[in-house]
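Single-structure report; data block below.
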Amino acid sequence: MDYITRDMENKILSLSNEYSCILITGPRQVGKTTVLKHIMDSARDYVTLDDLEERALAKRDPAMFLTMHSTPILIDEVQYAPELFSYIKMEIDKGAAPGTYWLTGSQAFKLMELAQESLAGRVAILHMTSLSQHEIYGSGECTPFSLELDELKAREKTNAHADLAEIYERIWRGSMPGLVSGKYSDRDVFYSSYLQTYIDRDVKDQVQLSDPLLFRDFVRAAACRAGQMLNVHDIAQDVGVSDDTAKRWLQVLEKSDVIFFLRPYSNNLLKRTVKTPKLYFFDTGLIAYLTKYSSPEILMNGAINGAILENYVVTELLKSYYNNAKECLLWYYRDSNSNEIDMVIESDGKLHPLEIKRSINPGSELLSAFNLLDRASVPRGNGAILCMRPKLSALNSENYIVPIWMI
């Protein structure tokens, strides 16, 4: 089993020279602990709150817990003892050195609420997802995706080329470190176990489940609609639960970083835009597993081939920002006349429209939708079509053709 270098490593180390506390959040099994243990030196103590005795002490007597362990320290699964936050805050206020506390936790939203309340201004919070295609297949430095031509040219040199079949191999295989690293070889067994552990250890802490299998069916129903506008009622009907239950369960999936929503872009000059978000999964391998596609070839020609490709592209773009500790202002556009733009990035005071296509030679007619943004109060900048073209190209001086393997 080989260690996979994470794009976030240098950011963690640089922030550790400035902040006394670093908190890495993200879903389970994406490598939070692995990367920190890989880059930490021998002077740093390590303790996991998966250890029930350590957890009990941390909850019952946080001050004694911190006294018992030397610093600098890595505290794993800190969400199990939120009582620690107030005491870590006191130590920081006493002058704890930069990099004293490294924390990890799987419940991102809950953790960030607690951390922001107790450690406001004292903690650097980083969000880790499953592996990006750059981390798995690329080399060199990864930067946030940008439509600046010089940056696109640089990006072309650091990512690995892939044709359509290879892209669907990446989509089907997924991006979980346990599978990519070779630690686990049976993909179906891995995802089955992953879901079971997730439901038993995360979901049951947040909702009362009389039938865990029903929640598993719910996740599958959501996966069938990845890359589509959210329809809560349809998902609820598929599994026989109420709309209110479906909304609560979607919140659980979002809070535990299994899914995320892409909100529609609108402003006061674009009054006919829709309000419904689109649903995406952070890991496309999980979608392929839940929707029962047994091979990349079948997936590439299956009913969800377009939706899952869009899911992959949106997720990879976001990962390029998360891995650089940057916020990405990303939306999609759709109006009441069904005019749509797959993605809209706001950067440096401009809106950058993006279309996603499976074709190798997309036509210039696709750019007509970009004109919809000219009515917005924010000026339109360069746009791009993300597609299967082997090399970086352009339709004109303002609109590029960017291979999906470059994201």
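On the basis of being outside any helix (DSSP H, G or I), at pLDDT 95 or above, under 21 Å from residue 5 (Cα atoms) and among the small types (Gly, Ala, Ser), does residue 185 make the cut? Criteria not met by residue 185. Among the criteria (1) outside any strand (DSSP E or B); (2) at pLDDT 90 or above; (3) in contact with a helix residue (DSSP H, G or I) (Cβ under 6 Å, 6 or more places away or on another chain), the one residue 71 does not fulfil is (3). Residue 391 fulfils the conditions (1) in contact with a Pro (Cβ under 9 Å, 6 or more places away or on another chain); (2) under 24 Å from residue 274 (Cβ atoms); (3) not polar (S, T, N, Q) except for a single criterion, (2). Within the set 378, 344, the sole residue that is modelled with pLDDT of 95 or more and assigned by TED's automatic domain parsing to the domain that holds residue 176 turns out to be 344. Taking every residue in segment 181-200 that is under 14 Å from residue 283 (Cβ atoms) and pairing it with any residue that is of a type outside the set (Gly, Ala, Ser) and part of a loop (DSSP other than H, G, I, E, B), at least 6 positions away or on another chain, the pairs with Cβ-Cβ distances below 6 Å are 190/184.
Does segment 22-33 contain at least one residue that is on the phi > 0 side of the Ramachandran plot, surrounded by 17 or more Cβ atoms within 10 Å (Cβ to Cβ), among the charged types (D, E, K, R) and not in a helix (DSSP H, G or I)?
Here is the first cut: in segment 22-33, the residues on the phi > 0 side of the Ramachandran plot are 26, 29, 31.
From what is left, the residues that are surrounded by 17 or more Cβ atoms within 10 Å (Cβ to Cβ) are 26, 29, 31.
Now narrow it down to the ones that are among the charged types (D, E, K, R): none.
No, that holds for no residue.
Mind checking which residues of segment 58-81 are surrounded by 17 or more Cβ atoms within 10 Å (Cβ to Cβ) and among the aliphatic types (A, V, I, L, M)? Scanning segment 58-81 gives 58, 66, 73, 74, 75, 78, 81. Could you say which residue among 136, 125, 92 is β-branched (Val, Ile, Thr), within 23 Å of the chain's Cα centre (by Cα), in a helix (DSSP H, G or I) and at negative phi? Result: 136 is the single residue among 136, 125, 92 that is β-branched (Val, Ile, Thr), within 23 Å of the chain's Cα centre (by Cα), in a helix (DSSP H, G or I) and at negative phi.
In segment 208-221 there is at least one residue matching the filter, namely being under 20 Å from residue 187 (Cα atoms), in contact (Cβ under 8 Å) with a residue 60 or more places away in the chain and in contact with a helix residue (DSSP H, G or I) (Cβ under 6 Å, 6 or more places away or on another chain). Only residues that are among the basic types (Lys, Arg) and either in contact with a Lys or Arg (Cβ under 8 Å, 6 or more places away or on another chain) or in the same structural domain as residue 285 (by TED's automatic domain parsing) (or both) were counted across segment 24-72, and they come to 1. Against the condition among the hydroxyl-bearing types (Ser, Thr, Tyr) and either surrounded by 16 or more Cβ atoms within 10 Å (Cβ to Cβ) or under 25 Å from residue 308 (Cβ atoms) (or both), how does residue 132 come out, does it pass? Considered against the rule, which asks whether it is among the hydroxyl-bearing types (Ser, Thr, Tyr) and either surrounded by 16 or more Cβ atoms within 10 Å (Cβ to Cβ) or under 25 Å from residue 308 (Cβ atoms) (or both), residue 132 comes out as yes. Among the residues making up segment 273-304, those that are hydroxyl-bearing (Ser, Thr, Tyr) and either farther than 28 Å from residue 127 by Cβ or crowded, with 21+ Cβ neighbours inside 10 Å (or both) are 280, 284, 289, 293, 294, 295.
The values are calculated or read from the model by the stated rules, or taken from the named source; none is laboratory data. Just so we're clear, the structure is a prediction, and the values are computed from it rather than from any experiment. FYI the Cβ positions are ideal-geometry reconstructions off the backbone, even for glycines, and counts take in every protein chain you see.
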